[in-house]
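Okay, here's the structure, questions in a sec.
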Amino acid sequence: MLSSFFKTQGSDDYDPFLITLWVLLILVVAIWVCPFIFILFTSLKTNGEVITTSAFSFPEVLHWVNYVKAWARGGFDTTFFNSAIISIIKVPLGLFISSLAAYAIANIKFKGSNFVYIMIVFGTMIPFQVMLAPLFNVVNDLGLLNTYVGVILPYLSFGIPYQVFILYGFFKGVPKEISEAAYIDGASHLTIFIKLFLPISLPVLSALFILDFVATWNEFAMALVLLQDSSMWTLPLGLMSFQGQFSSDYGQLNSAIVMTVLPAVLVYMIFQRYFVSGLTSGSVKE
Amino acid sequence: MEMKEVSPVVKEKVNIIGKINKIPFKAIHFLLPAMIVYTVFSLYPLIDVIKLSFLNWNGLSEVKEYVGIENYSKVLTQDPVFWVAFENTIIWTILSITIPPFLGFVIALSLNQNIFGKTVLRAIFYLPVIIAPIAVATMWRWMYDPFFGLFNSIFNSFGLEFLIQDWLGDKDVALYSIFIGYIWQTMGFSMVLFLAGLQGVSQTLVEAARIDGANRFQIFKYVTLPAIQPTIAIVVVLSLINSLKAFDIVYGMTGGGPAQSTQMLALWAYTQAMQIYDFGKGSAISVILLVITLMIVIPYLIWNTKKEGKSHA
C-alpha cells in the first residue's frame, strides 16, 4: 500500500524531501488537533480533576454526567430546538428562491438583467456585522423581534447573494439548446426550471445546502441582536450565556462546547466532499 | 417501453403541467421572492444606516432628532476608543490577509504532493472552519485560562514558565492571542481554495519542465506560481472581506477588553447602538467602516467583471 507514496512522478525511489515534508505536516496537524483533544478531555473531567491533573491527561473516569448537567443548565432543549427549526426552514427555502432568481438572470432575457446581477453580487461583499443596528431597526418596525420569521428573513437575505452567484455561474454553463428546445415545445419557464434545471444542478445544490446549513447553524451576530428573549435563543447564544454564567465549571463548559459544535462537525464529516466542491466551484473557476 | 393506459393520477399531473405551461411566467416572477427579501433586509438597511447616522436616537423612543454631522464629529474627535478600534481593525486586516493565506498556501502545496493520508490531513485542517466562531472563541478562552488553560499548563510542564502570560488579560498581548485562534480557524479556508487552484496547474507543463531539467524550486517559481496567481488574488480578497467581519471571535473571547484594547470597528458600532443605545453614533461608526470596505471592494468588483466580460467574449 505505502509503496506508491513518497515518490516523485516517474521515479522508483523514495524521495527524502517528500518524507521530510510529511513529517513536518504531521507535526502541524498535531497542533491543529490539540484544541479538540483538550476540549474533549476537559469535558469528561470533574472540576477537581481539571485543577489537579495536567491538560493532556486522559480523564480518570469518563464523567459523562457533565453533558447531562450542561444540557439542563444551558437550556439546550430550547436552543437546540430553535436552531433546528430555523435551519430546517431557512436552508431549503433560501436555496429555492436563490435558484429561481439565478434561473431568471441566466436564462430569461429581460431588461436590466445585468444590473440585477451586479446588485445581488454586490451583496456578497457587504459585511452584515456592520449593519446590526439598522437590521434591528427594520425587524423591530415590522414587529418581528424575537420571532422565527424575524430571524429567518434576514438570514435568507444574507444567503441570497453568494447562492445566486454560484448558481448563476452553473446555469450559464447549461447548453442553451436544451432549454430553448423545451421552450419551443411549449414548456413554460417554471416547467423548464423544475424539470430540467433543478435535477441537473443537484450536485451544486447539495454543496450549497451543506455550506448554508453550517453558516445558519453557526450564525451569532444577527441572532444576538434579533433574538433577545432567552426562550428564542439559538445554540450559539446559549453557549455564550453559558460561558458567562458557568465559566468556572470547566467540565460542563467544555461539554456545552462539544454539544454546540457536534452537529456541524457531523454534517461536515458525512458530506465532506460536497463541502470542498461547493466552496471552490464559485471562487476558483478556471 | 410499452404504453399502458394512463392512470388518473398521471392525467391529473399532465393537466397541472399543462395549466402551468399556460401561465406566461416572466423573469419578474422568478426574481420577486429573492428581490423582495434582499431589498428589505440587505439594501434598505444599507441606506437606513446612513440616515440613522445623522440622528440622535436611542433606537426605541418616538423622539428622533436630526443632528447633522454631529455624530461623525463626536466619533472622530471625542472618542478615543474609536481610534483604538480603527487601529486594531487595520492591524487585524493586515494580519488576516497575510498569515492565514500564507500558511494555507504552504499547507496546500505540501498536500498537493504524493504523500500518504492527504485526504485525512486536509479534512483535519479544514475542520475548524466549520465550527461556529463563537464556539472557537469559547474554546480558546478556556485554552488561554491563566491557571488551568492549555497554554500555561504546557509551558509549565516543559519548564518554560517565562512564557506564561495572562493571554487575554494583558492589554499588549490580547489582540494577538485572539488572532492566533483566528489563524487556527481560518487557515483551512485558504488551504482549500489553494488546493483547488493547484488542481488547475497544467501537469503537462510541470512534466515538461521536469524533463527539461528544472528542479523543484524552479518548477514552483516558473510554472506553479504564475499559474496560481488568480487564486492568490481571490484568497486575499476573500480573507480581507472576512477579516472586516471579525465580530464573533472578539466578542466571545474578550468582548473588546481589557480596557477596550481589543476593540474593533464592527464591535464598537454594535456596542454603541445595541448596548449604549446611541444609534446615531453606532451608525456613524458603521458608515465609516462601510465606506472603507466599499473603497476596497468596488475596485475589485469592477476589475472582476471586466475580467469575466473578457473571458466570455
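Name the residue that is farthest from residue B:246 (Cα to Cα), counting only residues in the stretch B:149-173 that are in contact with a Phe, Trp or Tyr (Cβ under 7 Å, 6 or more places away or on another chain) and part of a loop (DSSP other than H, G, I, E, B).
Applying the filter and picking the extreme gives B:164.
Could you list, in sequence order, all residues of the stretch A:229-245 that are open to solvent by less than 40 Å² (accessible area, probe 1.4 Å) and more than 20 Å from the chain's Cα centre (by Cα)?
Result: A:232, A:241, A:242, A:243.
Please list, ordered by first then second residue, the pairs with beta carbon atoms under 9 Å, 6 or more apart or interchain, first in the stretch A:142-157 and away from chain B (no Cβ under 11 Å), second exposed (fewer than 15 other Cβ atoms within 10 Å of the Cβ) and charged (D, E, K, R).
A:146/A:229
Determine whether residue A:108 is at the interface with chain B (Cβ under 7 Å from one of its Cβ atoms) and either open to solvent by less than 30 Å² (accessible area, probe 1.4 Å) or farther than 30 Å from residue A:235 by Cα (or both).
yes
Right, something else. Residue by residue through the stretch A:137-165, note down the ones that are within 18 Å of residue A:113 (Cα to Cα) and open to solvent by 10 Å² or more (accessible area, probe 1.4 Å).
Selection gives A:162, A:165.
Residues are listed down the side, and each one gets a yes or a no for (1) free of Cβ contacts under 8 Å to residues at least 60 places away in the same chain; (2) under 26 Å from residue B:191 (Cβ atoms); (3) open to solvent by less than 10 Å² (accessible area, probe 1.4 Å); (4) basic (Lys, Arg):
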position	(1), (2), (3), (4)
B:237	no, yes, no, no
B:254	no, no, no, no
B:263	no, no, yes, no
B:279	no, no, yes, no
B:288	no, no, no, no
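While we're on this one: Counting only residues that are more than 16 Å from the chain's Cα centre (by Cα) and of a type in the set (A, V, I, L, M, F, W, C), which one in the stretch B:225-259 is farthest from the other protein chains (Cβ to nearest Cβ)?
The selected residue is B:259.
Looking at the stretch B:195-298, what helices (runs of 4 or more DSSP H) fall wholly within it and have at least 2 residues that are closer than 19 Å to residue A:222 by Cβ and β-branched (Val, Ile, Thr)?
So the answer is B:248-253.
To continue, here is another question. Quick check on my filter: what residues within the stretch B:57-88 are part of a helix (DSSP H, G or I) and open to solvent by less than 20 Å² (accessible area, probe 1.4 Å)?
If the condition is that a residue be part of a helix (DSSP H, G or I) and open to solvent by less than 20 Å² (accessible area, probe 1.4 Å), then B:71, B:75, B:82, B:85, B:88 are the ones that fit.
Residues of the stretch A:213-232 being within 12 Å of another protein chain (Cβ to nearest Cβ), in contact (Cβ under 8 Å) with a residue 60 or more places away in the chain and either more than 12 Å from residue A:151 (Cβ to Cβ) or in a loop (DSSP other than H, G, I, E, B) (or both), which ones?
A:213, A:217, A:219, A:228, listed by residue number.
Related question: Where residues in the stretch B:179-193 are of a type in the set (Phe, Trp, Tyr) and touching a Leu at 6+ places or on another chain (Cβ under 9 Å), which of them is most open to solvent (accessible area, probe 1.4 Å)?
B:189
Residues checked against (1) closer than 20 Å to residue B:292 by Cα; (2) more than 11 Å from chain A (Cβ to nearest Cβ); (3) touching a strand residue (DSSP E or B) at 6+ places or on another chain (Cβ under 8 Å):
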site	(1), (2), (3)
B:68	no, yes, no
B:71	yes, yes, yes
B:74	yes, yes, no
B:87	yes, yes, no
B:92	yes, yes, no
B:97	yes, yes, no
B:106	no, no, no
B:112	no, no, no
B:115	no, no, no
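The values are calculated or read from the model by the stated rules, or taken from the named source; none is laboratory data. None of the values given here were measured: they were computed from a predicted structure. Please note: Cβ atoms are built from the backbone with ideal geometry, for glycine as well, and neighbour counts cover all protein chains shown. Accessible surface is based on the protein model in full, side chains and every heavy atom, while ligands, DNA and RNA are left aside. Shrake-Rupley method; radii C 1.70, N 1.55, O 1.52, S 1.80 Å.
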